[in-house]
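Here the structure comes first, spelled out in structure tokens, and everything after it is commentary.
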Amino acid sequence: YTTTTATMTAAPALPNGVSYDSVTSTHHSEPNHAYHRYVDNPLPHVLPEGENATPLEVIGSTASDKLVIIMVGLPATGKTHIAKRICRFLSFFHDIPSQIFNVGDYRRQLCGAQMPADFYSPDNPEGVAARKIACDAALADLVDYICQDGVRVAALDATNSTFERRQHILQTLNDKQGRGIKKM
């Protein structure tokens, strides 16, 4: 409700399914001047357990599904942002362990943070080799993580702009296909 000095007017309508009982009250600095605001703060989703639980097979999954999300795109196009959002959503709402493997972090650990522009040139064999080592290190950690027991999601965050790099990643993951790894 909003108040004026003499009259009280009705508050705006809330979305369907929301009542004023679920609305929080906040007090203004003036005494007895209260207004309500709608708060949309969902609680984490906990998977049901026990006799009444929906089996994972019914919803298209199994208790050992593993998903690897391979990000592809030019630098600064939102790959890291999207990977973080996906992992945060899965962890918070579905309680599914998820982790991001950023190849840039591995490259910075191996080669340093400040590299000259020619390091990234496809014509620089030393730079190509160093970037491949960083990708392989991230991929090895990703495979170790995803092979742990239970449902897991991993995101490989890198440009992965060349066909050869994507094929290398897929081949490495296909070697582990017997462990139920799905790729996206």
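The values are calculated or read from the model by the stated rules, or taken from the named source; none is laboratory data. These numbers come from a predicted model, not from an experiment. Reconstructed Cβ throughout: ideal geometry from the backbone, glycine too, with neighbour counts over all protein chains shown. Surface areas here come from the heavy atoms of the whole protein model, side chains and all, with no ligands, DNA or RNA. Shrake-Rupley method; radii C 1.70, N 1.55, O 1.52, S 1.80 Å.
Please go through the stretch 132-175 and pick out each residue that is among the charged types (D, E, K, R) and either at pLDDT 90 or above or in contact with a helix residue (DSSP H, G or I) (Cβ under 6 Å, 6 or more places away or on another chain) (or both). Can you show your working first?
Initially, the stretch 132-175 is screened for residues among the charged types (D, E, K, R), giving 132, 136, 141, 144, 149, 152, 157, 164-166, 175.
Once the filter is applied, which keeps residues that are among the charged types (D, E, K, R) and either at pLDDT 90 or above or in contact with a helix residue (DSSP H, G or I) (Cβ under 6 Å, 6 or more places away or on another chain) (or both), the stretch 132-175 yields K132, D136, D141, D144, R152, D157, E164, R165, R166.
K182 falls short on exactly one of the conditions (1) touching an Asp or Glu at 6+ places or on another chain (Cβ under 9 Å); (2) exposed (fewer than 12 other Cβ atoms within 10 Å of the Cβ); (3) basic (K, R), and that condition is (2).
For the subset of the stretch 93-138 comprising residues that are in a helix (DSSP H, G or I) and among the charged types (D, E, K, R), which member is most open to solvent (accessible area, probe 1.4 Å)? Even if it seems obvious, please write down each step before you answer.
Going through the stretch 93-138, the residues in a helix (DSSP H, G or I) turn out to be 93-94, 103-111, 117-120, 125-138.
Cutting the leftovers down to among the charged types (D, E, K, R) gives us 105, 107-108, 118, 126, 131-132, 136.
Working: D105: 76, R107: 33, R108: 102, D118: 94, E126: 131, R131: 53, K132: 86, D136: 54 Å².
Top of the filtered list is E126.
In the stretch 146-169, the qualifying residues are those that are within 13 Å of D65 (Cα to Cα) and of a type outside the set (D, E), and the one that is surrounded by the most Cβ atoms within 10 Å (Cβ to Cβ) is A154.
Selection of the stretch 144-167 for residues being within 17 Å of V128 (Cα to Cα) and not in a loop (DSSP other than H, G, I, E, B) yields F163, E164, R165, R166, Q167. Just one of (1) part of a helix (DSSP H, G or I); (2) surrounded by 18 or more Cβ atoms within 10 Å (Cβ to Cβ); (3) not hydroxyl-bearing (S, T, Y) fails for D141. It is (2).
So how many residues does the stretch 74-92 have that are in contact with a Ser or Thr (Cβ under 7 Å, 6 or more places away or on another chain), surrounded by 14 or more Cβ atoms within 10 Å (Cβ to Cβ) and touching a residue at least 24 places away in the same chain (Cβ under 8 Å)? Adding up the residues that qualify gives 2. What is the residue count in the stretch 50-94 for residues that are modelled with pLDDT of 85 or more and under 12 Å from R152 (Cβ atoms)? Qualifying residue count for the region: 7.
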